[in-house]
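Working notes, structure below.
The values are calculated or read from the model by the stated rules, or taken from the named source; none is laboratory data. Just so we're clear, the structure is a prediction, and the values are computed from it rather than from any experiment. For neighbour counting, all protein chains shown are included, and Cβ atoms are generated from backbone atoms with ideal geometry for every residue, glycine included.
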Amino acid sequence: MPHNMTVTIEDDLWEEMKKNNQVRWSAVMRDGAREKLKALKAFDELVHKNKLSDEEIREFAVSLGKKVTGRK
């Protein structure tokens, strides 16, 4: 059963999104949520298989987040 969700978008982002009204933004948000959940699942599996320190886990999470989002 589908569920609705409200997302708050900053003005500058909203203006850019409106310029591309052919894009199904709800699908983009849904796909982004799926990708994030896949990354979290992979992280959980890795953490449970390895004996990492809290600091190693934090560093890995930051690194994984950057890779998933494309940030540097």
Q) Can you find a residue in region 47-55 that is in contact with a Phe, Trp or Tyr (Cβ under 8 Å, 6 or more places away or on another chain) and at pLDDT 95 or above? A) no
(Q) Among (1) in contact with a Phe, Trp or Tyr (Cβ under 7 Å, 6 or more places away or on another chain); (2) within 23 Å of THR8 (Cα to Cα); (3) not charged (D, E, K, R), there is one condition MET29 misses while meeting the rest; what is its number? (A) (1)
Q.
For region 49-66, which positions are among the small types (Gly, Ala, Ser) and either over 17 Å from LEU37 (Cα atoms) or not in a helix (DSSP H, G or I) (or both)?
A. SER53
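Results for (1) surrounded by 11 or more Cβ atoms within 10 Å (Cβ to Cβ); (2) over 23 Å from MET5 (Cα atoms), shown as yes or no for each residue.
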residue	(1), (2)
LYS38	yes, no
PHE43	yes, yes
HIS48	no, yes
LYS51	no, yes
ASP54	no, yes
ILE57	yes, yes
Q) Of the numbered conditions (1) of a type in the set (Lys, Arg); (2) touching a residue at least 12 places away in the same chain (Cβ under 8 Å); (3) part of a loop (DSSP other than H, G, I, E, B), LYS36 satisfies every one except a single condition; which is it? A) (3)
